[in-house]
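The structure appears below as structure tokens.
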Amino acid sequence: MYARFGDDEEAPKMKIGLLDIDRHNFPNLALMKLSSWYKSNGYQVEFATIFEHYDKLFKSKVFSFSANDTTCYDAEEIETGGTGYGNFNNLPEKIEHIYPDYSLYNIDYSLGFSTRGCIRNCSFCIVPKKEGYIKPNAEIYEFWKDQKDLVFMDNNIVAHDFGLQQIENAIKENIRIDCNQGLDARIIAKDVEIQKLLARAKWCNSGIRLACDHKSQMEPVKKSIEAIRSFTKRKIDFFVYTLIQDDIQDAIDRIYFMRDMYRVFPFAQPYRDFTTNREPLKIQKQLARWCNMRSIFRSVEWKDYKKG
């Protein structure tokens, strides 16, 4: 590809371009790992622009509803990957288990998966199809060095002893943690040792994320919150992901159930079918806006907000 250079001349470095198609203000872990691997092998790596030539261009897309990038880039080879493209293939092992390049997004915290997969098989979730049953993936020391904060991206970290051990490792290292996928209250509510572990952990923004996807999970959510609080004197807030599917009344009941609890904040998420990418219904979006706007959520009733 390049002409031969003399001993006193430096051959141009091969250039890698990266594209984060989602652009959702959350760093793309796959791109950070690709950046780390190619930089360690002497390549130039940057977010792609139309003004440069690239030997290889990587497009990564997590969400199917993110608009495709139709820009024409100057690249010898273009590779797309990620759930948003319907690509469930993993990165090669040599790249999957490399320390991420956090400088790519200029972030001062670490993030990664200690486990992959899930024990559940929820119809609305892509994880069972993409990753299968839960299994160990990596100790925190693979993606954490000395950052104060660590984000676990596991889909169900409390469902595996290996995941629980990584929370224990974070506690030993005095790291503040966040589990950004929402913890499984059905497991927590039945296990005192897990309740004690979560009570001991330091949480980013002093909050624990739980999930409540249908009414059968309301009591486990309540029991988990009460149990965790009973094992610590620290103030812990709870943020509860609340899925809004076609049964609107089911979602309303869950939201009001959590509104009545002390320092428990539901976060409503309208369901979007990843197979058809159907836009959420108007009432689903409206319910989510009401629930997620804290300035009016506890002072305006849903029936009044809906009329307005």
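The values are calculated or read from the model by the stated rules, or taken from the named source; none is laboratory data. In this text the structure is predicted, and so the values were computed from the model without any measurement. Counting neighbours? That spans all protein chains shown, and the Cβs are built from the backbone with ideal geometry, glycine included.
What tally of residues in the range 55-86 results from selecting those that are free of Cβ contacts under 8 Å to residues at least 60 places away in the same chain, surrounded by fewer than 18 Cβ atoms within 10 Å (Cβ to Cβ) and among the aromatic types (F, W, Y)? Of the residues in that region, 3 qualify. Out of the range 41-54, which residues are buried (at least 21 other Cβ atoms within 10 Å of the Cβ) and of a type in the set (G, A, S)? Passing the criteria: only A48. Beta carbons closer than 8 Å, at least 6 apart along the sequence or on distinct chains, pair a first residue in the range 263-285 that is within 25 Å of Y85 (Cβ to Cβ) with a second that is modelled with pLDDT of 95 or more and surrounded by fewer than 15 Cβ atoms within 10 Å (Cβ to Cβ) for P270/K285.
Any chance the range 128-138 includes a residue that's within 15 Å of the chain's Cα centre (by Cα), at pLDDT 95 or above, of a type in the set (D, E, K, R) and within 11 Å of F113 (Cβ to Cβ)? No, that holds for no residue.
For every residue, the table says whether it meets (1) surrounded by fewer than 19 Cβ atoms within 10 Å (Cβ to Cβ); (2) touching a Ser or Thr at 6+ places or on another chain (Cβ under 6 Å); (3) not charged (D, E, K, R).
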site	(1), (2), (3)
P128	yes, no, yes
Y141	yes, no, yes
D146	yes, no, no
N155	no, no, yes
G163	no, yes, yes
I167	no, no, yes
V192	yes, no, yes
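Applying the criterion of being outside any loop (DSSP other than H, G, I, E, B) and more than 17 Å from the chain's Cα centre (by Cα) to the residues of the range 139-158, the residue that is nearest to I95 (Cα to Cα) is E142.
All of (1) buried (at least 19 other Cβ atoms within 10 Å of the Cβ); (2) closer than 26 Å to C204 by Cβ hold for Y38 with one exception: (2).
With respect to N169, is the statement that it is assigned to a loop (DSSP other than H, G, I, E, B) and either under 20 Å from the mean Cα position of the chain (by Cα) or modelled with pLDDT of 95 or more (or both) true? It is false that N169 is assigned to a loop (DSSP other than H, G, I, E, B) and either under 20 Å from the mean Cα position of the chain (by Cα) or modelled with pLDDT of 95 or more (or both).
Could you check the range 179-292 for helices (runs of 4 or more DSSP H) lying wholly inside it with 2 or more residues that are within 27 Å of Q147 (Cβ to Cβ)? Because the criterion is at least 2 residues that are within 27 Å of Q147 (Cβ to Cβ), the helices (runs of 4 or more DSSP H) in the range 179-292 that meet it are 192-200. Residues that are in contact with a helix residue (DSSP H, G or I) (Cβ under 6 Å, 6 or more places away or on another chain) and not in a loop (DSSP other than H, G, I, E, B) within the range 85-118 comprise I95, L104, T115, R116, listed in sequence order.
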